[in-house]
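Here is the structure we will look at, set down as structure tokens.
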Amino acid sequence: MDTWRQLKPLEWCKYVNKEVKVTAHEKQQHHGWVFTVDPVSASIVLVTFQEKGGTPTVRVVTGHAVQEVEVLQEGNEETAGRLRLIFTPPGAHALGPEEVRHRKESLRMWLEKNRIPVEEKGEMLCVANVLTVSAPYGAEDCSSSNEIILARVQSLVESNPDSTPDQPANS
């Protein structure tokens, strides 16, 4: 169990796609799968799946209220896919796991070629310890509290010759 306020922003991404128990102010507890953590407010987006195909519940626990986070269960590719599906607009092109993996690898190599420090943290790419990129690894999937770095990395992501925003990357 981690005390939330002692964690650095990039440490938050270790909770993505994991089932957690969040203890908030006044000892309120929330359970669910972490979809994302907002890097500015430290708010956690939790998803609870209903049994037998019911509608999932999405809850945001604001960062200032979070006291502790305990991992209950590790996620897998199936869980990550279910979480992504919730937030994919109807009619949007859904990428298969192989396409997503290819985009992640392509972007990592493109950033390294441009001498940008990048490391993989589960499903996310952490760039220069101040920015994260989540699937499907486009410019709109970049997140940082530093707007200057965000704009520059988004521009670099858009210039990646191996992918375009409208279609999956191809070799």
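Read-outs: derived from the displayed coordinates by stated rules, not from any lab. Here the structure is a predicted model, which means the values were calculated and not measured. We place every Cβ from the backbone using ideal geometry, glycine too, and count neighbours over all the protein chains shown.
Once you have a ≥ b ≥ c as the square roots of the Cα gyration tensor eigenvalues for the chain, tell me rounded if a/c is under 1.5, and otherwise prolate or oblate according to whether a/b is larger than b/c.
oblate
Counting Lys and Arg as +1 and Asp and Glu as -1, each charge on the Cβ, what is the dipole of the chain about the Cα centre in debye, to the nearest 20?
240
Place the peptides 98-110, 34-46 in order of packing, highest mean first, counting for every residue the other Cβ atoms within 10 Å and averaging per peptide.
Descending packing order for the listed peptides: 34-46, 98-110.
Which lysines have a Cα less than 23 Å from the Cα of residue 18, not counting those fewer than 8 places away in the same chain?
Counting by Cα, and skipping residues close in sequence, residue 18 has these lysines nearby: 8, 27, 52, 104, 121.
At a 10 angstrom cut-off on C-beta neighbours, averaged per residue, how do the peptides 62-74, 15-27 rank from highest to lowest? Please report the intermediate quantities before stating the final value.
Values: 62-74: 15.0, 15-27: 17.3.
Averaged packing, sorted descending, gives the order 15-27, 62-74.
Determine, for 141, 162, the number of other Cβ atoms within 10 Å of each Cβ, and report the residues in order from fewest to most.
162, 141
Expressed in nm to one decimal, what extension gain is obtained for the pair residue 147 and residue 101 from 0.36 nm per residue of sequence separation less their Cα-Cα distance?
13.9 nm
Kindly identify the range 97-158 as rounded, prolate or oblate by the Cα gyration tensor criterion: order the square roots of the eigenvalues as a ≥ b ≥ c, call it rounded if a/c is under 1.5, otherwise compare a/b with b/c, prolate if a/b is larger, else oblate.
Because a/c hits 1.5 or more and a/b exceeds b/c, the range 97-158 counts as prolate.
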